[in-house]
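Data block below; observations after.
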Amino acid sequence: MAYERLTYLGHSAFLIATSAGDILIDPFLSGNPRSSISLEELHPAFILVTHGHVDHLGDTVAIAQRSGAMVVAPSELATYIAGKGVSNVYPMHIGGNHTFPFGELFLTQALHGSSVREDGHIIYTGNPCGFIIKSTERTIYHAGDTGVFLDMQLISRLHPLDVALLPIGGNFTMGIDDAVEAVKMLAPQTVIPMHYGTFPTIAADPQVFKQKVESSTSARCIVLEPGQSF
Ligand code: NI
Ligand code: MN
């Protein structure tokens, strides 16, 4: 299975074009001030959602209902999404893996929360996750929202990474310096920063991250603007 193109859609949203259809991850688009794409342009076969926060669950329900895409999420969040009228939902959980038409998917831990706010109330949606997406020739890690954790060493041992997508914005996730530590443990060939600059609380300079990564690890760092591909 070939992974042809990785496109950054802003915040933590990415689109991976594969020969088995497009994989859309954490599609926070209509509410995202830095998003460049309209929902109608997206025709994913799969939507992967790391956790229930609005900046990740985003437009999942609307896109899934229109496209018929299969939504993959941690079990409690998958149940919540199914309850919103999405029929094609596939629940998984941390430590589990499953083979899809695009390749093998593994769920990793993420040190964070997961909930949806409805009518002023919090609905908890289980544990948040990260995703390892593996084809025969490429392995991509989307860390979700997380602080740095030492088990990232185990991730790189089990899954040699071509590309790591890591949050750098701080406040709710790792900031730049912790994300550099994550790169040292994950040892990806390429790292792409995410989850910064969308709101004032997560302001971070991706060029500072790039400079620190490339001066202290062997990874190269590619900074994508929303709409740009790798
Ligand atoms: Ni979050
Ligand atoms: Mn977030």
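Rule-based calculations on the coordinates, nothing more; no lab input. The shown structure was predicted, so the numbers you read here are calculated from the model rather than taken from an experiment. As a convention, Cβ positions derive from the backbone with ideal geometry for all residues, glycine included, and neighbour counts pool all protein chains shown.
Once you list every other residue whose beta carbon is under 11 Å from the beta carbon of Arg138, what net charge do they have if Lys and Arg are +1 and Asp and Glu are -1? Please list the in-between numbers first.
On the way: positive: Lys134; negative: Glu4, Glu137, Asp162.
Counting the neighbours of Arg138, the net charge comes to -2.
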Which one, Ser114, Val148, Tyr124, is farthest towards the positive end of the dipole of segment 3-221 when Lys and Arg carry +1 and Asp and Glu -1 on their Cβ? Val148
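Can you sort Ser36, Ser215, Ser75 so the residue with the fewest Cβ neighbours within 10 Å comes first? Could the numbers behind the result be given before it?
Working: Ser36 15, Ser215 8, Ser75 18.
Going from sparsest to densest Cβ surroundings: Ser215, Ser36, Ser75.
Taking the highest mean first, how do the peptides 170-181, 134-145 order by number of other beta carbon atoms within 10 angstrom per residue? Don't skip to the answer; put the middle values down first.
On the way: 170-181: 19.7, 134-145: 22.3.
Going by the mean number of other Cβ atoms within 10 Å, highest first, we get 134-145, 170-181.
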Extent of the chain along each principal axis, from alpha carbon coordinates, in Å, largest to smallest? 48, 40, 31
Report, ordered by chain and residue number, the lysines lying within cross-link reach of Lys212, taken as a straight Cα distance under 29 Å and ignoring same-chain residues fewer than 8 apart. Lys134, Lys184
Rounded to the nearest Å, the spacing of the alpha-carbon centers of segment 112-168 and segment 30-102 is 14 Å
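If neighbour count is taken as other Cβ atoms inside 10 Å, put Cys221, Cys129 in order from fewest to most. Present the calculation step by step, with values, prior to reporting the outcome.
Numbers: Cys221 23, Cys129 30.
Final ranking by Cβ density, sparse to dense: Cys221, Cys129.
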Only four residue types carry charge here, +1 at the Cβ of Lys and Arg and -1 at the Cβ of Asp and Glu. Report the dipole size of the chain about the Cα centre in Debye, rounded to the nearest 20. 260 debye
